[in-house]
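Undergrad: My structure is below; once you've seen it, I'll send some questions.
The values are calculated or read from the model by the stated rules, or taken from the named source; none is laboratory data. Everything numeric in this text was worked out from a predicted model, so none of it was measured. Note: ideal-geometry Cβ built from the backbone for every residue, glycine included; neighbour counts use all protein chains shown. Surface areas here come from the heavy atoms of the whole protein model, side chains and all, with no ligands, DNA or RNA. Shrake-Rupley method; radii C 1.70, N 1.55, O 1.52, S 1.80 Å.
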Amino acid sequence: MGTQARPADGAMTLAEMKEFAAFPGATQRYIRRSLDVGLEREDALTRWSRDVIEAASIRAQRRVYERLDHVRELVPDDSGLDAVEPFLAPLVTMTAFDLGQDRLASFGSYRFLYERLIGANVRPWLPGAFCAAAALPHLHPEKRRVLLQSISEAAATAPGWSNREPSFFPEWVEKVEMRAN
């Protein structure tokens, strides 16, 4: 007997789709590109690079994202400080790279991407990694201000996090020409 999706699953997927649709076009494009790179879904260089600068950015992103498997394995189960350093240092580095690309303009877009790159178990660690990376000096002071102001008090001080895995993973959609009948 097959399994059926519960009505709540469909509602959550729709909510994720609406959240993604609310992001600016450049953010949507960057998230799709990053998922292709991080999840090794497609040849991101062929699909996403429009010029030599973007090609170089994708190559750099591949190098930075080589740490993803390591980070996925090291997500701490609790807040034990002995497990934080080997996990958080590469997470902050990856986050700093992505924020430096100037396409993730808020904590919400960052969270959306990283929940899909790493998994639901990373949620408790995302506010800290985001704030650490957003405060680094490689970002323009105005950009740091905007990013740090984008994280809500509720997100920064949440007493708990859902362990439900994301169900919507945005992908590239080929443009189809409309023909009149």
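Undergrad: For region 33-50, which positions are more than 18 Å from the chain's Cα centre (by Cα) and either modelled with pLDDT of 95 or more or acidic (Asp, Glu) (or both)?
TA: From region 33-50, those more than 18 Å from the chain's Cα centre (by Cα) are 43, 45-47, 49-50; that's our starting set.
Asp43, the sole residue that qualifies.
Conditions tested, residue by residue: (1) open to solvent by 10 Å² or more (accessible area, probe 1.4 Å); (2) more than 18 Å from Glu40 (Cα to Cα); (3) at pLDDT 95 or above; (4) not in a loop (DSSP other than H, G, I, E, B).
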site	(1), (2), (3), (4)
Arg72	yes, no, yes, yes
Val84	yes, yes, no, yes
Met94	no, no, yes, yes
Asp98	no, no, yes, yes
Glu115	yes, no, yes, yes
Asn121	yes, yes, no, yes
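Undergrad: Taking the options Ser109, Ser57, name whichever one is in contact (Cβ under 8 Å) with a residue 24 or more places away in the chain, within 19 Å of Glu19 (Cα to Cα) and not β-branched (Val, Ile, Thr).
TA: Details: Ser57 fails: within 19 Å of Glu19 (Cα to Cα).
Just one listed residue meets the conditions, Ser109.
Undergrad: Could you check, for region 107-123, whether at least one of its residues is β-branched (Val, Ile, Thr) and in contact with a Gly (Cβ under 9 Å, 6 or more places away or on another chain)?
TA: Applying the first criterion (β-branched (Val, Ile, Thr)) to region 107-123 yields 118, 122.
Retained after the next criterion (residues that are in contact with a Gly (Cβ under 9 Å, 6 or more places away or on another chain)): 118.
Yes - at least one qualifying residue is present in region 107-123.
Undergrad: Which residue pairs have Cβ atoms closer than 7 Å, lie 6 or more positions apart in sequence or on different chains, and pair a first residue in region 144-156 that is touching a residue at least 40 places away in the same chain (Cβ under 8 Å) with a second residue that is charged (D, E, K, R)?
TA: none
Undergrad: Return a yes/no flag: does region 51-62 have any residue that is over 30 Å from Pro159 (Cα atoms), assigned to a helix (DSSP H, G or I), modelled with pLDDT of 95 or more and basic (Lys, Arg).
TA: Among the residues of region 51-62, at least one is over 30 Å from Pro159 (Cα atoms), assigned to a helix (DSSP H, G or I), modelled with pLDDT of 95 or more and basic (Lys, Arg), which makes the answer yes.
Undergrad: Restricting to region 13-44, count the residues that are among the aliphatic types (A, V, I, L, M), buried (at least 17 other Cβ atoms within 10 Å of the Cβ) and more than 11 Å from Ser109 (Cα to Cα).
TA: From region 13-44, those among the aliphatic types (A, V, I, L, M) are 14-15, 17, 21-22, 26, 31, 35, 37, 39, 44; that's our starting set.
If we keep only those that are buried (at least 17 other Cβ atoms within 10 Å of the Cβ) as well, we get 31, 35, 37, 44.
So of that shortlist, the ones also more than 11 Å from Ser109 (Cα to Cα) come out as 35, 37, 44.
Number of matching residues: 3.
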